[in-house]
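Below: the structure, in structure tokens.
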Amino acid sequence: MIGSATAAEMPSPPEIIIPSSWEEAAEAIAFDSTPFPPPMTMVCGAANCGKSTFSRLLLNTLLMRYRRVGYLDADVGQPEFTAPGCISLHIIDKKTPDLSILQMKTPERCIFFGHISCQQDARNHSISVFILYDYFRKEFYQIDDFDNPCKTLVPLIINTSGWVQGTGYDMLVEMLQHMSPSHIVRVCFSSESGKFLNGQCWLKKHQNVPMNLVEICAGTSSYIQPEIMRKEARMIQDLRIVAYFRQCLPGEMSFACHKEFVDNFASIHPCEIPLSRIKFKHVGCQITTDEVSTSLNGSIVGLVVSSSDLSGKTTPWCIGLGIIIAMDYSKDQIHLVTPVPLAILRKVDLLLKGTIDIPICLQKVYKFSSLDEVIQKQHCTESSGCRSEEFLQKQLFASESSACSSPKNMLSKEQLAD
């Protein structure tokens, strides 16, 4: 574990206190529902209300009754099990013992959205969520009388974003109409209006689907200064990105301090993939070929195998993330850092660039523009602190056992076997 020698000196993560009303709501969904079909629950509410915490509590509770549970994470800013900027579907078979510890898990399927807010591309966000939901329904929530008549259906949790007004509200209604969940959990502040998603006004006229609306009080204060919320959200996003790329280092490697972690990260030898066979696409905008090198150097990209195109749709599956370190045109090579195994990386033929910022601590590690400087950096690193270094250090110490033991890519077991 990171800092095994000094972990005892580090403050432990704040304990999460679960209200009894939350536990009762989770148990009612898990045990009071009919066993067939299993419950499909959408969790919604404003930002910073506790949606993700309740979703993980519900996940653990459902695992007491079901062998596996689906988790569709539509919150691209603070996803539970992947790095920010991704919309993912997970099939979970083990409980999370500590809700305060960061977990990194390999998704069943993942789509690179490329932004940390669904407001930056609302339409594509909805399309990506629907693609993953349709995949789940086909593979895990539909009886096949011919191929697999004994297939066990899997319950599903849909964790939504905190955008609940204006277009965000319209997106929620569209999701409800497309998915028709059996339960809607609304996590609300006491001062909020009770009109949000009340009744069945979201149902289309031809729909007659029984729906249970569950309202629970938010787990945080009803008023938090917006500036504080933005800073805290950015720190959590940085933490999740660092935790993802921490997987590039051996899991058994330990560090005495945060600077030692950054120094070791700078020594990672970049992977090399042929430049000539890679296509580039900027999510949400078009760029010229001449702008590719400038725009991609030092950026986080989604690693995609374009042959995984979804049945004629335009959004292929994402198999992981990478940081582009340098582009060597003379040797036809792209140098990047990624935890994705080289055997899988060789299948990548498309890189997607979004608007995800590299945490400042990693920017300082990779603040260079030429290949010579990449090599030089591997031998001599002079990195300085990052934004809220104490916060990141504390969380890395606390969550390292979870992050390091997680799989090193975004492929399912079936995909890895292919």
Looking at region 101-144, which of the residues that are of a type in the set (S, T, N, Q) and in contact with a helix residue (DSSP H, G or I) (Cβ under 7 Å, 6 or more places away or on another chain) is nearest to L352 (Cα to Cα)? S126
Identify the residue in region 255-314 that is in contact with a Pro (Cβ under 9 Å, 6 or more places away or on another chain) and either over 22 Å from L345 (Cα atoms) or hydrophobic (A, V, I, L, M, F, W, C) (or both) and, among all such residues, is modelled with the lowest pLDDT. L310
When the residues of region 40-92 are narrowed to those that are part of a loop (DSSP other than H, G, I, E, B) and of a type in the set (G, A, S), which ends up farthest from V164 (Cα to Cα)? A83
Number of positions in region 103-135 that are buried (at least 24 other Cβ atoms within 10 Å of the Cβ) and under 20 Å from L58 (Cβ atoms): 4
Has region 237-251 got at least one residue that is in contact with a Phe, Trp or Tyr (Cβ under 9 Å, 6 or more places away or on another chain), modelled with pLDDT under 80 and either surrounded by 20 or more Cβ atoms within 10 Å (Cβ to Cβ) or not in a loop (DSSP other than H, G, I, E, B) (or both)? no
Pairing a residue in region 156-174 that is surrounded by fewer than 15 Cβ atoms within 10 Å (Cβ to Cβ) with any residue that is part of a helix (DSSP H, G or I) and modelled with pLDDT of 90 or more, where Cβ atoms lie under 9 Å and the two sit 6 or more apart in sequence or on different chains, gives T167/Q119; T167/A122; D170/A122
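Residue-by-condition table, conditions (1) within 16 Å of the chain's Cα centre (by Cα); (2) over 23 Å from C217 (Cβ atoms); (3) not β-branched (V, I, T):
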position: A30; (1), (2), (3): no, no, yes
position: P35; (1), (2), (3): no, yes, yes
position: S52; (1), (2), (3): yes, no, yes
position: R56; (1), (2), (3): yes, no, yes
position: L63; (1), (2), (3): no, yes, yes
position: F81; (1), (2), (3): yes, yes, yes
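Which residues, taken from region 98-130, are among the aliphatic types (A, V, I, L, M) and assigned to a loop (DSSP other than H, G, I, E, B)? Outline the logic, then answer.
From region 98-130, those among the aliphatic types (A, V, I, L, M) are 99, 101-102, 104, 111, 116, 122, 127, 129; that's our starting set.
Correct list: L99, I101, L102, M104, I116.
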Being touching a Phe, Trp or Tyr at 6+ places or on another chain (Cβ under 8 Å) and modelled with pLDDT under 80 is the filter here, so list the residues in region 204-236 that pass it. G219, S222
Return the residue satisfying two criteria in turn: it lies in region 252-266 and is small (G, A, S) and closer than 25 Å to K105 by Cα, and of such residues it is surrounded by the fewest Cβ atoms within 10 Å (Cβ to Cβ). S254
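The values are calculated or read from the model by the stated rules, or taken from the named source; none is laboratory data. This structure is a prediction, so every number in the text was calculated from the model and none was measured. Heads up, the Cβs are rebuilt from the backbone with ideal geometry, glycines too, and the neighbour counts pull from every protein chain shown.
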